[in-house]
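Read through the structure below, which is laid out as C-alpha coordinates, and then see the notes.
The values are calculated or read from the model by the stated rules, or taken from the named source; none is laboratory data. As the structure is a prediction and not an experimental result, all values here were calculated from the model. With ideal geometry, Cβ positions are generated from the backbone for all residues, glycine too; neighbour counts draw on all protein chains shown. For the accessible areas, the whole protein counts, side chains as well, though only heavy atoms, and no ligand, DNA or RNA atoms are used. Shrake-Rupley method; radii C 1.70, N 1.55, O 1.52, S 1.80 Å.
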Amino acid sequence: MSHAAGLVRTTCSSGSAPGAGPGAGPLGASSSEGLLDPVYPRTHAAMLKVAQMATLLIAFICVRSSLWTSYSAYSYFEVVTICNLIMILAFYLVHLFRLHRVLTCISWPLSELLHYLIGTLLLLIASIVAASNSYSLSGLVAGAVFGFLATFLCLASVWLSYKISCVTQSTDAA
(Lines give C-alpha, C1' and ligand atoms only; values in the text may rest on other atoms or scores of the structure.)
Protein backbone atom coordinates (compact mmCIF):
# COMPACT_ATOMS: atom_id res chain seq x y z
CA MET A 1 0.00 0.00 0.00
CA SER A 2 1.55 3.28 -1.04
CA HIS A 3 1.41 6.39 1.08
CA ALA A 4 0.69 9.07 -1.52
CA ALA A 5 0.18 12.70 -0.68
CA GLY A 6 -3.39 13.42 0.29
CA LEU A 7 -5.70 16.36 -0.14
CA VAL A 8 -6.80 18.01 3.09
CA ARG A 9 -10.13 19.81 2.98
CA THR A 10 -11.42 21.96 5.82
CA THR A 11 -15.07 22.73 6.22
CA CYS A 12 -16.98 24.94 8.59
CA SER A 13 -20.43 24.01 9.80
CA SER A 14 -23.03 26.42 11.10
CA GLY A 15 -24.84 23.71 13.02
CA SER A 16 -27.60 23.02 10.53
CA ALA A 17 -29.45 19.74 10.33
CA PRO A 18 -27.35 16.57 10.15
CA GLY A 19 -26.42 15.70 6.60
CA ALA A 20 -26.92 19.25 5.37
CA GLY A 21 -23.23 19.92 4.97
CA PRO A 22 -21.13 20.01 1.83
CA GLY A 23 -21.86 17.16 -0.53
CA ALA A 24 -25.25 16.41 1.00
CA GLY A 25 -27.00 16.78 -2.32
CA PRO A 26 -28.41 19.50 -4.53
CA LEU A 27 -29.78 22.69 -3.08
CA GLY A 28 -33.31 22.30 -1.85
CA ALA A 29 -33.06 18.52 -1.70
CA SER A 30 -34.13 17.97 1.88
CA SER A 31 -36.58 15.70 3.60
CA SER A 32 -39.40 18.21 3.25
CA GLU A 33 -39.75 21.14 0.90
CA GLY A 34 -41.36 24.32 2.09
CA LEU A 35 -40.76 27.66 3.71
CA LEU A 36 -39.90 26.39 7.20
CA ASP A 37 -37.29 23.82 8.09
CA PRO A 38 -39.10 21.47 10.50
CA VAL A 39 -35.86 19.75 11.56
CA TYR A 40 -33.84 22.85 12.54
CA PRO A 41 -35.64 23.74 15.82
CA ARG A 42 -34.71 20.30 17.19
CA THR A 43 -30.98 20.60 16.43
CA HIS A 44 -28.39 21.38 19.07
CA ALA A 45 -27.48 24.66 17.39
CA ALA A 46 -31.09 25.87 17.46
CA MET A 47 -31.60 24.91 21.10
CA LEU A 48 -28.34 26.66 21.99
CA LYS A 49 -29.50 29.81 20.19
CA VAL A 50 -32.81 29.72 22.10
CA ALA A 51 -30.94 29.33 25.40
CA GLN A 52 -28.69 32.26 24.47
CA MET A 53 -31.66 34.45 23.60
CA ALA A 54 -33.43 33.55 26.85
CA THR A 55 -30.41 34.33 29.05
CA LEU A 56 -29.74 37.59 27.21
CA LEU A 57 -33.36 38.64 27.63
CA ILE A 58 -33.31 37.79 31.35
CA ALA A 59 -30.03 39.71 31.79
CA PHE A 60 -31.50 42.72 30.01
CA ILE A 61 -34.70 42.65 32.09
CA CYS A 62 -32.76 42.29 35.36
CA VAL A 63 -30.60 45.31 34.63
CA ARG A 64 -33.42 47.37 33.13
CA SER A 65 -35.67 46.93 36.17
CA SER A 66 -32.97 47.75 38.76
CA LEU A 67 -31.70 51.02 40.13
CA TRP A 68 -28.47 51.88 38.37
CA THR A 69 -25.29 52.86 40.14
CA SER A 70 -23.41 53.73 36.94
CA TYR A 71 -25.36 54.96 33.93
CA SER A 72 -22.64 54.37 31.33
CA ALA A 73 -21.84 50.83 32.51
CA TYR A 74 -25.41 49.60 32.47
CA SER A 75 -26.47 51.39 29.30
CA TYR A 76 -23.50 49.69 27.60
CA PHE A 77 -24.62 46.36 29.08
CA GLU A 78 -28.15 46.90 27.78
CA VAL A 79 -26.95 47.80 24.27
CA VAL A 80 -24.67 44.77 24.07
CA THR A 81 -27.30 42.32 25.33
CA ILE A 82 -30.04 43.59 23.02
CA CYS A 83 -27.76 43.73 19.97
CA ASN A 84 -26.57 40.17 20.63
CA LEU A 85 -30.16 39.01 21.14
CA ILE A 86 -31.30 40.59 17.87
CA MET A 87 -28.39 39.10 15.90
CA ILE A 88 -28.88 35.61 17.35
CA LEU A 89 -32.58 35.86 16.53
CA ALA A 90 -31.69 36.92 12.98
CA PHE A 91 -29.38 33.91 12.51
CA TYR A 92 -32.04 31.62 14.02
CA LEU A 93 -34.61 32.92 11.52
CA VAL A 94 -32.13 32.61 8.63
CA HIS A 95 -31.73 28.91 9.39
CA LEU A 96 -35.39 28.36 10.22
CA PHE A 97 -36.63 29.89 6.97
CA ARG A 98 -33.74 28.37 4.95
CA LEU A 99 -32.55 31.79 3.80
CA HIS A 100 -28.95 30.56 3.86
CA ARG A 101 -29.81 28.47 0.79
CA VAL A 102 -31.38 31.38 -1.07
CA LEU A 103 -28.86 34.11 -0.18
CA THR A 104 -25.70 32.34 -1.28
CA CYS A 105 -23.78 35.58 -1.79
CA ILE A 106 -23.21 35.71 1.99
CA SER A 107 -20.95 33.22 3.73
CA TRP A 108 -23.34 32.41 6.56
CA PRO A 109 -20.97 30.24 8.62
CA LEU A 110 -18.28 32.92 8.46
CA SER A 111 -20.66 35.76 9.30
CA GLU A 112 -22.10 33.77 12.21
CA LEU A 113 -18.59 32.95 13.45
CA LEU A 114 -17.56 36.61 13.32
CA HIS A 115 -20.74 37.63 15.12
CA TYR A 116 -20.16 35.12 17.89
CA LEU A 117 -16.50 36.04 18.31
CA ILE A 118 -17.09 39.80 18.46
CA GLY A 119 -20.38 39.54 20.36
CA THR A 120 -18.96 37.17 22.95
CA LEU A 121 -15.99 39.46 23.59
CA LEU A 122 -18.24 42.51 23.97
CA LEU A 123 -20.62 40.57 26.21
CA LEU A 124 -17.76 39.41 28.42
CA ILE A 125 -16.52 42.98 28.79
CA ALA A 126 -20.04 44.26 29.52
CA SER A 127 -20.62 41.54 32.12
CA ILE A 128 -17.32 42.29 33.87
CA VAL A 129 -18.11 46.02 33.96
CA ALA A 130 -21.66 45.34 35.17
CA ALA A 131 -20.44 42.99 37.90
CA SER A 132 -17.80 45.44 39.10
CA ASN A 133 -20.34 48.27 39.35
CA SER A 134 -23.22 46.33 40.92
CA TYR A 135 -22.50 47.25 44.57
CA SER A 136 -24.43 44.21 45.81
CA LEU A 137 -27.75 45.33 44.30
CA SER A 138 -29.57 42.07 43.62
CA GLY A 139 -31.00 42.98 40.20
CA LEU A 140 -27.67 44.19 38.90
CA VAL A 141 -25.85 41.15 40.25
CA ALA A 142 -28.46 38.87 38.64
CA GLY A 143 -28.07 40.71 35.34
CA ALA A 144 -24.29 40.31 35.48
CA VAL A 145 -24.62 36.60 36.33
CA PHE A 146 -26.96 36.03 33.40
CA GLY A 147 -24.55 38.04 31.24
CA PHE A 148 -21.74 35.67 32.20
CA LEU A 149 -24.03 32.69 31.54
CA ALA A 150 -24.88 34.07 28.09
CA THR A 151 -21.15 34.58 27.47
CA PHE A 152 -20.51 30.94 28.32
CA LEU A 153 -23.34 29.82 26.01
CA CYS A 154 -21.93 31.93 23.16
CA LEU A 155 -18.50 30.39 23.73
CA ALA A 156 -20.08 26.94 23.67
CA SER A 157 -21.78 27.82 20.40
CA VAL A 158 -18.47 28.87 18.87
CA TRP A 159 -16.81 25.71 20.16
CA LEU A 160 -19.52 23.26 19.10
CA SER A 161 -20.66 24.79 15.83
CA TYR A 162 -17.42 25.83 14.23
CA LYS A 163 -15.04 22.95 14.61
CA ILE A 164 -12.72 22.67 11.66
CA SER A 165 -12.80 19.15 10.38
CA CYS A 166 -9.99 17.83 8.25
CA VAL A 167 -10.91 15.12 5.82
CA THR A 168 -8.05 13.34 4.09
CA GLN A 169 -8.89 12.17 0.62
CA SER A 170 -6.72 9.88 -1.42
CA THR A 171 -5.35 11.25 -4.68
CA ASP A 172 -4.99 7.78 -6.14
CA ALA A 173 -7.11 7.24 -9.26
CA ALA A 174 -7.88 3.65 -8.41
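A few notes on this one:
- Boolean, I58 is part of a loop (DSSP other than H, G, I, E, B) and aliphatic (A, V, I, L, M): no
- Check on L93, surrounded by fewer than 22 Cβ atoms within 10 Å (Cβ to Cβ), over 18 Å from V141 (Cα atoms) and in contact (Cβ under 8 Å) with a residue 12 or more places away in the chain: no
- Cross-chain or 6+ apart pairs with Cβ under 6 Å, region 96-117 first and among the basic types (K, R), then surrounded by 15 or more Cβ atoms within 10 Å (Cβ to Cβ) and not in a helix (DSSP H, G or I): R98/D37
- Within region 60-75, considering residues that are of a type outside the set (V, I, T) and more than 13 Å from G143 (Cα to Cα), the one least open to solvent (accessible area, probe 1.4 Å): S70
- Residue list for region 116-155, filter: within 15 Å of V80 (Cα to Cα), over 19 Å from the mean Cα position of the chain (by Cα) and surrounded by fewer than 18 Cβ atoms within 10 Å (Cβ to Cβ): I128, A131
- Residue-level check: of (1) among the polar types (S, T, N, Q); (2) open to solvent by 30 Å² or more (accessible area, probe 1.4 Å); (3) at pLDDT 95 or above, T81 misses just (2).
- Pairs where the first residue, in region 32-43, is under 14 Å from L99 (Cα atoms) and the second is of a type in the set (G, A, S) and modelled with pLDDT of 90 or more, C-beta under 6 Å, 6+ apart: Y40/A46
- Applying the set (1) open to solvent by less than 30 Å² (accessible area, probe 1.4 Å); (2) under 19 Å from C154 (Cβ atoms) to I86 leaves exactly one unmet item: (1).
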